[in-house]
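To start, the structure under review is shown below, and the notes come after it.
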Amino acid sequence: MTTTVTKTRPAPAPQGKGPRPRSRLTARRLAPYAFVFPAALLFAVFKLYPIGWSFVLSLFKSVDGVDTYVGFDNYGRLFRDPLFWTALKNTGTILLIQVPVMLALSTGLAVALNSAFLRARAIFRLGFFLPMVTGLVAYGVIFSVLLNQQYGLVNWLLSNVGIGEVPWLTDPLWAQISLGLVLTWHYTGYNAVILLARLQTIPGELYDAASVDGAGAWKSFRHVTLPGLRPAILLTTVLSTIGTLQIFDEPFILTGGGPDNATLTIGVYLYQNAFTYFDFGYASAIAYVLAVLIGVLGLIQFRVLGDKS
């Protein structure tokens, strides 16, 4: 008995139904643009437009509610404004003192967290990173309460060991020290995590080879760890520089820029001109000078710390 298998061809697609190959290809080419368009539109509306409009604002001066074109006078005014130089000096002091100290602490912390002798490393890593997830306003308020001269917990603890009241937020020098301590507490763990991620990519064979050559812990750190961390050090330095030049929340909440303008930063001064004195033209000029300053410092850091190869 034989069985005959009959193959049936698929029925041809009806003419005129479904997209043609060419139109289908065009649709596939346009699909990425359709997905990118909403993000590009939002970026243009909420980023590009304010950036461009703030430059236009920087060329005007508002007098009695009337905007008058003054050209680049707002930029010239910056050089004659002593408060701007005070804010620049305070910001520069934080950048030159607090940032290097913080990055040194972060590097040491990353090495410690990477040590094979440390138990419960995940808990320590989480503990040091937690300050970063705390809201800027929230931790600023908490520290303003802790550092209160009369009722703060810190002065109460110091009084128990015989140390008198410290004017943490009311004396110019102590206010700067307090601001530096608060910033260090908040950002050290964050930078340590970045450095730790890079540290874990350094091959262990390099440490073995250094050990065979007779290198001790310090020489291994200097000749293996630090060169290996160079890209992460560059990244954390650039991010910390940008963050420091834009710093606003901490000094504004802790001291409002005082006492005696000791903690007045560029960010706080910009805010005061824009939303206290409603001098948006001058505030826009400050913002543009700040952007140029960040760009120049970033380029210098890339040239100095970047990979020459």
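Remarks
- Out of Thr188, Thr263, Thr241, Thr201, one residue alone is hydroxyl-bearing (Ser, Thr, Tyr), touching a residue at least 40 places away in the same chain (Cβ under 8 Å) and surrounded by fewer than 19 Cβ atoms within 10 Å (Cβ to Cβ). It is Thr241.
- Annotation: Ile97 fulfils all but one of (1) assigned to a helix (DSSP H, G or I); (2) farther than 30 Å from Tyr190 by Cα; (3) in contact with a helix residue (DSSP H, G or I) (Cβ under 9 Å, 6 or more places away or on another chain); (4) open to solvent by 60 Å² or more (accessible area, probe 1.4 Å); the unmet one is (2).
- Of the residues Tyr282, Tyr288, the single one that is open to solvent by less than 10 Å² (accessible area, probe 1.4 Å), of a type in the set (Phe, Trp, Tyr) and assigned to a helix (DSSP H, G or I) is Tyr282.
- Against the list (1) under 19 Å from Ile247 (Cβ atoms); (2) open to solvent by 20 Å² or more (accessible area, probe 1.4 Å); (3) in contact (Cβ under 8 Å) with a residue 40 or more places away in the chain; (4) of a type in the set (A, V, I, L, M, F, W, C), the condition Val268 fails is (2).
- Members of region 138-172 found to be open to solvent by less than 90 Å² (accessible area, probe 1.4 Å), over 32 Å from the mean Cα position of the chain (by Cα) and polar (S, T, N, Q), listed by number: Ser159
- Region 50-93: number of residues that are of a type in the set (S, T, N, Q), more than 17 Å from Asp260 (Cα to Cα), in contact (Cβ under 8 Å) with a residue 24 or more places away in the chain and out of contact with any Leu (no Cβ under 9 Å at 6 or more places or on another chain): 3
- Among the residues here, Thr236 does not qualify as under 24 Å from the mean Cα position of the chain (by Cα), of a type outside the set (A, V, I, L, M) and surrounded by fewer than 16 Cβ atoms within 10 Å (Cβ to Cβ).
- Residue in region 65-72 that is open to solvent by less than 70 Å² (accessible area, probe 1.4 Å) and of a type in the set (D, E, K, R) present: no
- Within region 50-65, restricting attention to residues that are in a loop (DSSP other than H, G, I, E, B) and in contact with a helix residue (DSSP H, G or I) (Cβ under 9 Å, 6 or more places away or on another chain), the residue that is farthest from Phe280 (Cα to Cα) is Leu59.
- Gly257 meets each of the listed conditions (1) modelled with pLDDT under 90; (2) surrounded by fewer than 16 Cβ atoms within 10 Å (Cβ to Cβ) apart from (2).
- Considering region 102-125, the residues that are surrounded by fewer than 13 Cβ atoms within 10 Å (Cβ to Cβ) and of a type outside the set (D, E, K, R) include one that is nearest to the chain's Cα centre (by Cα), namely Ala104.
- Index of the failed condition, Gly257 passing every other in (1) in contact (Cβ under 8 Å) with a residue 12 or more places away in the chain; (2) in a helix (DSSP H, G or I): (2)
- Within region 216-232, the set of residues being in contact (Cβ under 8 Å) with a residue 40 or more places away in the chain and either open to solvent by less than 30 Å² (accessible area, probe 1.4 Å) or within 14 Å of the chain's Cα centre (by Cα) (or both) comprises Thr225, Leu229.
- Single residue of Trp85, Trp53 found to be aromatic (Phe, Trp, Tyr), within 30 Å of Ser178 (Cβ to Cβ) and modelled with pLDDT of 90 or more: Trp85
- Pick from region 291-306, criterion among the small types (Gly, Ala, Ser) and closer than 24 Å to Pro50 by Cβ, ranking: surrounded by the fewest Cβ atoms within 10 Å (Cβ to Cβ): Gly295
The values are calculated or read from the model by the stated rules, or taken from the named source; none is laboratory data. Worth saying up front: this structure is predicted, and the values here are computed from it rather than measured. When we count neighbours, we look across all protein chains shown, and the Cβ atoms used for this are built from the backbone with ideal geometry, even at glycine. We work out accessible area using only protein heavy atoms, side chains counted, and drop any ligands, DNA or RNA first. Shrake-Rupley method; radii C 1.70, N 1.55, O 1.52, S 1.80 Å.
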